[in-house]
Amino acid sequence: MGSIHEDVKSGHLTRHPEELDWLKCFQNGFDVTWANERRAYGSRSSVYFIKPEPSTEETFGVDKEILLIYSPYDKLEARTFLSIEQFINDDPARGRVERLFVILVSDAKNPEKWVTEYASTNEARMVVAINKDDLKNSTGNAWFVRSKIASQLFSRDLFDYRLPLEKDIYFFGRTALLQSFTDSARRGENRGLFGLRKTGKTSFLYKLRRDLQEQGEVEVLFYDCKSPSIRQRSWVELLQKIIFDLAAVGVGDNFIVPKDNRFLSETLADLIKNMPGQKRVAIIFDEVEYISHFSKTDNHWKRDYLPFWQSIWAAQSETRKLSTILAGVNPKLVEVDKIDGIQNPLFGIVPYNYLSGLSVDEVRRMLNVLGRRMGLKFVPEIATTFDKEYGGHPLLCRLAASFTYRQVREGKKNFPIKVDISDLSDLKIERDGSLVFYCGHVVSELRDFYPDEYQVFELLACGRTADYIEFSYLPEYSDHLNSYGLVKTTSGIPTVAIEVVGTYVAMEAARREGRKTIQKLIDASERTKWISVRLQDIDFALDDLHRLGTSGNLPTLFGPNKYPESHKFMALKPAQNQGDLQLFLNVCNRCLVESIEAYGKSIANKNYFWETIRTAYPSLHQSLHRIKVYRHNEFHIELNEAVDAVYRDFLRQDLEGRNPTSVHDVWFTLQQAVLDSLWNALQIELSRYGR
């Protein structure tokens with residue numbers, strides 16, 4: 001049983017003794033630690049702090065005091081919520097009380113309904129609303145308050161918020177980067193922020209604006225360049241808007257707008273020089289591609305780009321008190337030195353960062369903080385799973401957690417509940433299916449503005465790793481894709497970092513080409529030529545890798561000689577039936593796998609294939625393992641349980657989850673998958689070792 005602190009009894013409650021009748025109901029689970037009367041927005045409220053007892057803290061995941069507001073009016077209005085925001089951000093509440101939710105006791109009838117409707121249209125913190133008379137009538141029901149809190153907290157999906165965050169309530173992570181941008185703006189330095197859509201760039205910029213405005217040293221102008229009201233302006237009209245906006249927050253109307261556009265940059269510089277209190281100015285351009293030379297929507301920016309940014313740059317040079325913060329998808333805007341033969345005014349003056357996914361720790365904190373307020377206790381390993389499957393992408397992680405919450409609610413389980421890895425694994429296909437629409441949003445501007453980079457990523461997503469490696473030697477592709485968080489390279493092996501996005505891109509490519517599968521099956525009329533060329537390419541690559549092994553410090557594949565019976569390997573034909581596939585697998589196994597095992601035995605190393613080769617050439621070993629397992633399946637009546645599991649996993653990958661009996665040309669499909677796997681693996685290994 002909780003207590004009411006003496007200073008609350010001797011202070012606020014002596015002035016409002018009638019409030020004790022309902023306040024004492026909160027003693028079933030809370031201590032009342034502080035109270036006072038506050039006025040804001042033309043209304044009076046009683047403000048309490050209540051501290052959860054250990055059992056209540058465990059149930060709701062709250063270890064701080066909670067703000068409890070009593071509104072003594074029979075009607076709720078928007079100003080009630082404005083008052084709450086003021087109270088929670090003022091002393092003594094600031095930094096002391098829980099930020100995500102408050103409790104509102106009201107004389108209004110059915111306050112819960114009003115709060116629900118208000119919250120549905122606002123990025124509002126959670127408000128648990130309870131009618132005062134219901135509280136007074138609950139005497140004797142020790143669970144009334146906790147049940148009310150649970151019914152409202154656990155019924156709202158905090159993860160399902162898809163717009164940029166305009167308040168700090170649900171903003172997580174990015175602390176060090178935010179401080180870096182804040183310091184740059186205070187020093188009058190330019191910065192750039194680039195990354196895929198929905199990674200939180202706009203939320204980050206909103207947070208940056210809030211922090212700078214709160215500190216008061218920098219005046220911030222914010223422009224969403226994707227808005228028609230911005231991008232459809234000419235460079236002169238946009239620069240004039242910036243000048244008028246700056247005048248409105250700075251020196252007022254007492255300035256002269258030049259009639260000659262050549263002097264606009266001087267007017268901008270003069271306004272900045274005359275800012276009150278020696279304030280600096282930061283101009284944030286979000287979605288900056290839309291007012292750049294690369295604009296796909298407004299052609300006039302191909303000619304307006306240079307004079308606009310030359311004017312901004314000139315004002316910066318004169319005042320040293322102006323910083324620009326550019327945000328978009330690709331840093332090409334500030335990396336190109338010349339545009340149409342003229343020096344790019346942004347080249348070399350905008351240091352930039354990429355905003356990719358949240359770290360595992362940041363994902364874990366988001367899941368813990370929001371999940372526990374909703375009655376979900378995510379085990380720590382789920383953050384690692386979200387990092388693997390969604391690359392820590394903020395929106396995809398939130399929506400994956402939201403999907404999990406909805407499934408739990410539909411199961412009508414009692415809250416709070418524990419969510420473990422098995423809960424995610426069981427619903428992965430359905431969960432990822434619900435995210436497909438948002439995957440399109442994630443890569444849409446990369447596809448529209450930078451189609452070359454998108455096509456290179458598409459190669460990797462479609463399993464054409466060797467082709468991706470060929471293009472990735474151009475740093476403008478590989479560096480950007482890695483920095484976006486779309487591709488990760490581990491031990492020289494490139495893989496898609498956000499699996500669900502990779503699947504979406506691959507399926508879009510399949511749909512575009514009229515396929516139902518990610519793998520592009522070679523047409524029957526082209527197979528003989530294709531397999532001949534592919535076998536030659538593999539043979540050359542094996543020679544290259546063999547030479548690397550014999551001339552360096554790497555283990556050799558086949559000893560001092562080339563793999564045996566290479567003429568049989570080079571004479572293989574397209575598989576048209578099961579017998580053809582068996583011949584193909586048997587030859588590949590004898591030439592490539594058994595020859596490695598034989599060399600290992602010759603040097604008294606029985607584990608040469610399973611240990612030495614797997615360690616030195618992991619991608620190639622995986623491909624050779626596929627050949628070995630497929631060959632065993634064709635020539636052995638039964639496989640042991642472990643080998644059978646590996647076989648089924650390879651089969652699932654190569655047939656994309658389809659039943660073999662339903663796959664047209666299944667024998668060639670598997671043959672192509674084996675050769676593609678072998679070719680990709682060889683290119684990965686050669687790339688890793690610097691060829």
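The values are calculated or read from the model by the stated rules, or taken from the named source; none is laboratory data. Note that the structure is a prediction, hence the values are computed from the model and not measured. Because the Cβ atoms are built from the backbone with ideal geometry, glycine has one as well, and the counts that use them run over all protein chains shown.
Numbers below:
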quantity: Test: residue in region 584-597 that is farther than 16 Å from TRP610 by Cα and exposed (fewer than 15 other Cβ atoms within 10 Å of the Cβ); calculated: no
quantity: Selection within region 571-607 - part of a loop (DSSP other than H, G, I, E, B) and β-branched (Val, Ile, Thr); calculated: ILE603
quantity: Set LYS259, LYS241, LYS226: member being assigned to a loop (DSSP other than H, G, I, E, B) and modelled with pLDDT of 90 or more; calculated: LYS226
quantity: Counted residues, region 5-54 - those being buried (at least 17 other Cβ atoms within 10 Å of the Cβ), out of contact with any Phe, Trp or Tyr (no Cβ under 9 Å at 6 or more places or on another chain) and farther than 22 Å from ARG99 by Cα; calculated: 1
quantity: Identity of the residue in region 355-368, in contact with a Gly (Cβ under 8 Å, 6 or more places away or on another chain) and surrounded by fewer than 20 Cβ atoms within 10 Å (Cβ to Cβ), that ends up nearest to VAL329 (Cα to Cα); calculated: SER359
quantity: Flag for LEU322 being assigned by TED's automatic domain parsing to the domain that holds LEU205, buried (at least 22 other Cβ atoms within 10 Å of the Cβ) and without any contact (Cβ under 8 Å) to a residue 60 or more places away in the chain; calculated: no
quantity: Test: residue in region 255-267 that is without any contact (Cβ under 8 Å) to a residue 40 or more places away in the chain, exposed (fewer than 15 other Cβ atoms within 10 Å of the Cβ) and touching an Asp or Glu at 6+ places or on another chain (Cβ under 9 Å); calculated: yes
quantity: Selection count, region 551-607, where residues are among the β-branched types (Val, Ile, Thr) and within 19 Å of VAL629 (Cα to Cα); calculated: 3
quantity: Pick from region 524-534, criterion in contact (Cβ under 8 Å) with a residue 24 or more places away in the chain and either outside the structural domain of LEU620 (by TED's automatic domain parsing) or over 30 Å from ASN561 (Cβ atoms) (or both), ranking: surrounded by the most Cβ atoms within 10 Å (Cβ to Cβ); calculated: ARG527
quantity: Top-ranked residue of region 386-422 - restricted to ones that are out of contact with any strand residue (DSSP E or B) (no Cβ under 7 Å at 6 or more places or on another chain) and among the hydroxyl-bearing types (Ser, Thr, Tyr), ranked as surrounded by the fewest Cβ atoms within 10 Å (Cβ to Cβ); calculated: SER422
quantity: Residue match in region 6-16 (condition: farther than 21 Å from MET126 by Cα, in a loop (DSSP other than H, G, I, E, B) and in contact with an Asp or Glu (Cβ under 8 Å, 6 or more places away or on another chain)); calculated: yes
quantity: Qualifying position, being polar (S, T, N, Q), part of a helix (DSSP H, G or I) and either modelled with pLDDT of 75 or more or out of contact with any Phe, Trp or Tyr (no Cβ under 7 Å at 6 or more places or on another chain) (or both), among THR182, THR139; calculated: THR182
quantity: Any hit, region 288-298, residues being assigned by TED's automatic domain parsing to the domain that holds LEU238, in a strand (DSSP E or B) and in contact with a helix residue (DSSP H, G or I) (Cβ under 9 Å, 6 or more places away or on another chain); calculated: no
quantity: Yes/no for LEU460 being in a helix (DSSP H, G or I), over 17 Å from LYS201 (Cβ atoms) and in contact with an Asp or Glu (Cβ under 7 Å, 6 or more places away or on another chain); calculated: no
quantity: Region 337-360 residues that are of a type in the set (Lys, Arg), paired with ones that are in a loop (DSSP other than H, G, I, E, B) (beta carbon under 9 Å, 6 or more apart); calculated: LYS338/ASN344; LYS338/PHE347
quantity: Members of region 474-507 found to be of a type outside the set (D, E, K, R), surrounded by fewer than 17 Cβ atoms within 10 Å (Cβ to Cβ) and over 16 Å from ASN680 (Cβ atoms), listed by number; calculated: LEU474, PRO475
quantity: Cross-chain or 6+ apart pairs with Cβ under 8 Å, region 508-523 first and over 15 Å from PHE668 (Cα atoms), then among the hydroxyl-bearing types (Ser, Thr, Tyr) and in a helix (DSSP H, G or I); calculated: ILE518/THR503
quantity: Lone qualifier among ASP537, ASP543, ASP580 - being loosely packed, with under 15 Cβ neighbours inside 10 Å and either of a type in the set (Ser, Thr, Tyr) or in the same structural domain as VAL629 (by TED's automatic domain parsing) (or both); calculated: ASP543
quantity: From SER472, SER434, SER422, residue being modelled with pLDDT under 85, in contact with a Pro (Cβ under 8 Å, 6 or more places away or on another chain) and farther than 19 Å from LEU355 by Cβ; calculated: SER472
quantity: Enumeration of residues in region 547-564 that are at pLDDT 80 or above and not in a helix (DSSP H, G or I); calculated: LEU554, PRO555, THR556, LEU557, PHE558, GLY559, PRO560, ASN561, LYS562, TYR563, PRO564
quantity: LEU221, sole failed condition from (1) farther than 24 Å from VAL443 by Cα; (2) assigned to a helix (DSSP H, G or I); calculated: (2)
quantity: Residue list for region 55-74, filter: assigned to a loop (DSSP other than H, G, I, E, B) and either among the hydroxyl-bearing types (Ser, Thr, Tyr) or touching a Phe, Trp or Tyr at 6+ places or on another chain (Cβ under 9 Å) (or both); calculated: VAL62, TYR73
quantity: Residue in region 650-664 that is touching a helix residue (DSSP H, G or I) at 6+ places or on another chain (Cβ under 8 Å), surrounded by fewer than 18 Cβ atoms within 10 Å (Cβ to Cβ) and in contact (Cβ under 8 Å) with a residue 24 or more places away in the chain present; calculated: no
quantity: Some residue of region 654-672 being of a type in the set (Phe, Trp, Tyr), assigned by TED's automatic domain parsing to the domain that holds LEU572 and at pLDDT below 90; calculated: no
quantity: Members of region 194-218 that are part of a helix (DSSP H, G or I), of a type outside the set (Lys, Arg) and farther than 25 Å from VAL443 by Cα; calculated: ASP211, LEU212, GLN213, GLU214, GLN215
quantity: Helices (runs of 4 or more DSSP H) wholly inside region 351-417 containing at least 1 residues that are closer than 17 Å to PHE154 by Cα and basic (Lys, Arg); calculated: 360-373, 394-410
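Rundown of residues vs (1) at pLDDT below 85; (2) in contact with a Ser or Thr (Cβ under 8 Å, 6 or more places away or on another chain); (3) not in a helix (DSSP H, G or I), yes/no style:
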residue: THR80; (1), (2), (3): no, yes, no
residue: GLY95; (1), (2), (3): yes, no, yes
residue: VAL105; (1), (2), (3): no, yes, yes
residue: LYS109; (1), (2), (3): no, no, yes
residue: THR121; (1), (2), (3): yes, no, yes
residue: ILE130; (1), (2), (3): no, yes, yes
